[in-house]
Amino acid sequence: MPQAEPVAAVPTDAALIAAWQGGDEQAAAELVRRHARALARFLSGAGALEADLDDLVQETFIRAFRAVGRFRGQCRFRTWLLTIGGNVLKDAARRAKRSRAVPLGEDVRATDGDPHERAVAGEAEGRLRQGLERLSRMQREVFLLRAQQGLDYEEIAAALETSPGAARVHYHHAVKRLKEYLS
Amino acid sequence: MNSHELPDAKLQELAQRLGVGAAERLDVERTAQAVVTRLRDAPPLTVTARLGIQPAWLKIAAAVLLLLGAGLVTRGLRHEPRMTSTLVGSVAEDLSDLTPPQLRETIASLDLPWGQESWPVDTGLEGLSADELRALLRALEG
């Protein structure tokens with residue numbers, strides 16, 4: 001009976017970080033592959049234009065890899081990365097100082113499904129983006145980390161250096177304001 | 001339509017769809033290679049190289065900043081009660097915008113001595129005693 005090929009264990013983020021710190025460039029590339037899409041979604045939700053997304057994602061990873069010695073595992077690597085992404089986006093907005101056109105919702109550009117349904121869904125997303133712009137940065141980030149990324153309050157609090165109770169208040173406040181705006 | 005007609009699940013569903021298309025269109029492999037190339041080509045700059053200044057001047061500037069910082073800290077300590085009350089005021093403002101069910105959920109999550117069980121359904125922030133409000137603010141500020 002032929003022996004089964006041993007399944008290669010998937011390295012953890014911590015192992016990849018340690019490998020990168022030891023000079024392994026491919027470990028850094030693997031961390032990018034693993035987290036780039038979640039980061040792009042977060043940045044897009046936080047107001048980044050799609051045209052700027054690649055640059056913002058790259059800049060976030062560059063900053064993260066250069067500061068990785070300060071990452072103490074207080075939260076997951078991805079969560080830490082998302083908070084750095086928030087800072088990168090804020091710095092970019094400050095530099096650009098340009099008015100941001102609200103992009104069409106993703107579903108408007110998609111080619112599958114019923115065109116009317118896509119248009120309605122795209123409009124709702126556009127309104128949500130506008131609502132998110134009206135929140136404070138803390139409320140917006142707590143809302144996205146919770147509703148979009150599915151993180152719990154303890155994780156959010158550790159990443160944003162606040163208490164879980166305060167994170168919960170920011171979330172409820174964000175939901176209330178978004179509902180008011182969307183209704 | 002009132003402000004609470006949009007269900008939480010619908011809002012969450014919208015939030016989860018946000019940016020999905022843009023993220024899918026991102027060329028992750030190209031991004032990964034670009035990040036690796038940038039890390040290789042541009043090692044982290046030292047502060048002195050980045051600002052183009054001599055280390056000796058940097059030491060002098062650091063000493064001046066340290067002195068200024070110490071002065072500010074001394075002044076800040078005198079005003080600490082005002083800063084604290086501002087912080088508490090901001091959290092209290094956030095709390096006052098919560099509906100009674102949201103407030104009840106927040107209180108339940110904080111593991112306070114008076115929990116969700118004893119909390120009347122329609123009571124808002126105004127239903128808290130001074131001691132309860134103080135305990136809630138203390139718990140929220142960690």
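Quick notes
- Any chance A:R41 is touching a Gly at 6+ places or on another chain (Cβ under 6 Å), at pLDDT 95 or above and basic (K, R): yes
- Failed criterion for A:G150 (all others in (1) at pLDDT below 95; (2) part of a helix (DSSP H, G or I); (3) assigned by TED's automatic domain parsing to the domain that holds A:R177 hold): (2)
- Among the numbered conditions (1) modelled with pLDDT under 95; (2) closer than 29 Å to A:L178 by Cα; (3) more than 7 Å from chain B (Cβ to nearest Cβ), the only one that A:G69 does not meet is (2).
The values are calculated or read from the model by the stated rules, or taken from the named source; none is laboratory data. If you're wondering where the values come from, they're calculated on a predicted model, not measured in any experiment. Every residue, glycine among them, receives a Cβ derived from its backbone with ideal geometry; neighbour counts consider all protein chains shown.
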